[in-house]
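These notes concern the structure reproduced below.
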Amino acid sequence: MNSLAGRDFLSMGDLTSQELSHLLAIAAQLKAGDLSADCPRQVLGLLFRKASTRTRVSFSVAMVQLGGQVLDLNVQLTQVSRGEPIRDTARVLARYVDALAIRTYDQQELAEFAHHADIPIINALTDWEHPCQVLADLLTVQEAFGSLAGLTMAYLGDGNNMAHSLMLGCALMGMNIRVATPPDYVPHGEIVKQARELAGDRCEVMLTGDPQEAAAGAQVFYTDVWASMGQEDSAQDRIPIFAPYQINNDLLAMGDREAIVLHCLPAHRGEEITDGVMEGPQSRIWDQAENRMHAQKALLACLLGAI
Ligand code: CP
Ligand code: NVA
């Protein structure tokens, strides 16, 4: 029985450990060609208030491969841009499309869509979380190591939307996560609490200011831009603050010999990660980007009740 049919996916914390494992297993099977799923005549709407390459294209291709269609709803061309209330827009769009993937700033706006639309609403990134990315990330780690429980991820950089979803995702899968950030850029306390509750005594959710403490023996290194979308004005000021948190060969050498490197992309080479590490033998960044499509295909198939 697919417990995800008809549900929203607003946060990693919406999933149980079993549901997340199930989604990753489906994604792996779809990728291997061992399973097929069909959503014929179903339509996925994309409503994006921010730029996107991977999320937009991988959702679109996934939906087309499932036999469905995609409508890219340019926000500027909708009445949302002229102030039509979300609660009205949500109810109307729910009469036309079968699911809606939304990229916006405020998690509250996403929650409002979900409250008023009786179709699956998917978080395609907010300032608070980026859970679809983490489905692909965990799939990539699972491919590299065979399983997830007991591994350690070192996340270096900003305590942002990526850090939030990774903390919840790792905790759900029994992976240790060490989040190394400058003191003024720690993840939100609400997420830290939630992740620690999900982790229980299975794994550790550690915050540190020391990149080397995070890196020591880690199997997975992860970073993201130092200034997220909407924070462009502070990008230059952030560079010296975040410089000690760069993933470079010296830091990577402190990890496990088999460690892999992930980045959600887009990357700023020479800032949060060096060109050498991105292009080096430990990088799984391109597989990770490909896995967006497989993971979201599994997500769509489950939410739309095709599996
Ligand atoms: N990683 C990610 O979400 O990329 P886009 O912003 O290109 O969608
Ligand atoms: N933290 C980044 C992630 C981009 C995929 C941002 O929100 O811009």
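Only the coordinates and a few stated rules stand behind these numbers; no lab work does. Since we're looking at a predicted model, the values are computed, not measured. Counting neighbours? That spans all protein chains shown, and the Cβs are built from the backbone with ideal geometry, glycine included.
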Completion exercise
Those residues of the stretch 1-54 which are under 18 Å from Val134 (Cα atoms), hydrophobic (A, V, I, L, M, F, W, C) and out of contact with any helix residue (DSSP H, G or I) (no Cβ under 8 Å at 6 or more places or on another chain) amount to Ala25
Handout entry: Unmet requirement for Ala214, which otherwise passes all of (1) more than 16 Å from ligand 2 (Cβ to nearest atom); (2) of a type in the set (Gly, Ala, Ser); (3) within 30 Å of Ala32 (Cβ to Cβ)
Key = (3)
Fill in the blank from the handout: Exception for Gln108 within (1) outside any loop (DSSP other than H, G, I, E, B); (2) in contact with a helix residue (DSSP H, G or I) (Cβ under 8 Å, 6 or more places away or on another chain); (3) of a type outside the set (Val, Ile, Thr) falls at (2)
Exercise for the section: Considering (1) assigned to a strand (DSSP E or B); (2) away from ligand 2 (no atom under 16 Å from the Cβ), say which one Tyr222 fails and leave the rest. Expected result: (2)
Problem - Qualifying helices (runs of 4 or more DSSP H) (wholly inside the stretch 244-307; at least 3 residues being crowded, with 22+ Cβ neighbours inside 10 Å and of a type outside the set (D, E, K, R)) - result: 285-303
Fill in the blank from the handout: Just one listed residue, out of Leu23, Leu47, is among the hydrophobic types (A, V, I, L, M, F, W, C), outside any loop (DSSP other than H, G, I, E, B) and closer than 17 Å to Leu125 by Cβ, and it is Leu47
Exercise for the section: Go through the stretch 28-56 residue by residue and tally those that are within 13 Å of ligand 2 (Cβ to nearest atom), among the hydrophobic types (A, V, I, L, M, F, W, C) and loosely packed, with under 15 Cβ neighbours inside 10 Å. Expected result: 1
Exercise for the section: Look at Gln231 and say whether it is polar (S, T, N, Q) and within 16 Å of ligand 2 (Cβ to nearest atom). Expected result: yes
Practice task
Any chance you could count how many residues in the stretch 57-74 are part of a helix (DSSP H, G or I) and away from ligand 2 (no atom under 16 Å from the Cβ)?
Solution key: 6
Problem - the stretch 42-99 - residue that is within 16 Å of ligand 1 (Cβ to nearest atom), of a type in the set (S, T, N, Q) and in contact (Cβ under 8 Å) with a residue 40 or more places away in the chain and, of those, nearest to Ala114 (Cα to Cα) - result: Thr55
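Can you go through Ser52, Ser36 and tell me which one is hydroxyl-bearing (Ser, Thr, Tyr) and out of contact with any strand residue (DSSP E or B) (no Cβ under 7 Å at 6 or more places or on another chain)?
Ser36
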Fill in the blank from the handout: Within the stretch 228-238, of all residues that are touching a residue at least 12 places away in the same chain (Cβ under 8 Å) and surrounded by 14 or more Cβ atoms within 10 Å (Cβ to Cβ), the one farthest from ligand 1 (Cβ to nearest atom) is Arg238
Exercise for the section: Report yes if Val141 is within 16 Å of ligand 2 (Cβ to nearest atom), in a helix (DSSP H, G or I), crowded, with 19+ Cβ neighbours inside 10 Å and of a type in the set (Val, Ile, Thr), otherwise no. Expected result: no
